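Derivation of every value follows stated rules applied to the coordinates shown; laboratory data play no part. Only a predicted model underlies this, so the values are computations on that prediction, with no experimental measurement involved. In this analysis, Cβ positions are derived from the backbone assuming ideal geometry, glycine residues included, and neighbour counts consider all displayed protein chains.
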Amino acid sequence: MNNFRLNNKNYEIIDAKETITIPDCFVKDPNKIGSGHGEAKLYVGQTTDTTTLDFFNNFEGNIKCVIKKEDLQTYLLDCENEYLYPDQEYRNKDRMPEIFLEHNIKVSRLEEEYLYFEIYRVDVKPPRIYINSNDKAYDVIREISLPNISYVSILKLKDSNNNYLFYFRPFIEYNIDSIRKTEEISIAEEENITTSERESIIKSRIGQGKYREKLLEECPFCPITMVNDERLLIASHIKPWVKSNKEEKVDPKNGFMLTPTYDKLFDRGFISFEDDGTMLVSPWISPMNQKRLGIFNGKKIKALPTKGRENYLLYHREFIFKK
């Protein structure tokens, strides 16, 4: 049984709906890209996929939901790069840094730490299933979200009295190439590093050069799968490259060699590790997908080289892992 604590109350995690894309038609001004005015309904699935209706209990009765103020603040922090250096063609592209500050102020002034709301199924001809809400918390999601690169995940929770609660949380999925371009421009403009240092730092961003070589010397295989074919191994940063200083960017202790699936899970914060190699698994991966992936809380990864990586792992658990 997967247990979850929310607002000082214990719940059982029944399921997770992991990635509901936030389209441009859903968001409000001033974050929009297109010419429409925006609509409140959000596409969540189809009737042909029975798991969607099962997830929402066939929309029988009120669908009670909650979103945390802290999660909204974290989302905005994660979006900062896109707000300050917009890659998408927003209507108000020149104003996005200013809009970022406005959204942060608005969220910080929310009085409740837990914002409760109710959703209902929109009367749209099947097979498409849409949800909507008349409540303030739902509108906040629409107001601060960046279209196309954001998504909402939902945990389906049940308390000891068999009452259901649906916990919403917004996330952002960046275009990695765009981020890399912005970061490399920033590095190129630094004056206190040599050309060779600059090249080494940029190569470390994509797991190349001496950074990868030193990682392979220490651990020439993925400690989770034990795969040792270098062509299938990715040099993954523990503390993200964008959050690291120039020394941390090229420090081999700030990395693991992982196969692609585990690299993505670790990079996106769906798994993390204790200092003794014990795996932590995010509740935002559904129990079924955890089973399919063979990951679970408490799994011991004996070959994981944690010595000298304790501070980086602490950062990952505190700021990257999706708790």
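Here the label points at Asp94 and Ser160, each 7 Å from Cα along the C-beta direction, are separated by 6.0 nm in the simple model. Taking only alpha carbon atoms, region 214-266 gives an Rg to Rh ratio of 0.97, where Rh is the Kirkwood radius.
Database remark: amide H of Ser150 closer than 5 angstrom to the amide H of Ile22, Glu173 (H placed geometrically; neighbours at sequence offset of 5 or more, or on other chains; Pro and chain starts carry no H). Post the alpha-carbon centroid distance, region 45-95 to region 307-323, in whole angstrom. Centre-to-centre (Cα) distance: 26 Å.
Over the chain, what is the relative contact order in percent, taking alpha-carbon pairs closer than 8 angstrom and at least six residues apart? That works out to 18 percent.
Taking region 259-323, how much of its Cα-Cα pair set, in percent, is spaced more than 14 angstrom apart? Percentage above 14 Å: 56.
The gain in end-to-end length when the Asn228 to Thr48 segment is fully stretched comes to 60.7 nm, 0.36 nm per residue minus the alpha carbon separation. Distance between the 7 Å Cα→Cβ label points at Lys302 and Lys64: 4.7 nm. Relative to the longest principal axis of the Cα atoms of the chain, helix 69-84 runs at roughly 60 degrees. Between Asp78 and Lys323, the distance separating the two model label sites (each 7 Å from Cα on the Cα→Cβ line) works out to 1.5 nm.
Computed extension gain for Thr278 through Asn10, at 0.36 nm per residue and net of the alpha carbon distance, reaches 94.1 nm. Amide H to amide H, with H built 1.01 Å from N, Tyr114 comes under 5 Å of Lys69, counting only residues 5 or more places away or on other chains.
Projected over all directions and averaged, the alpha-carbon convex hull of the chain occupies 18.4 nm². Measuring against 22 Å, Cα to Cα, the residue pairs Lys156/Lys264; Lys300/Lys322; Lys28/Lys125 contain Lys156/Lys264; Lys28/Lys125 as the ones spanning a longer distance.
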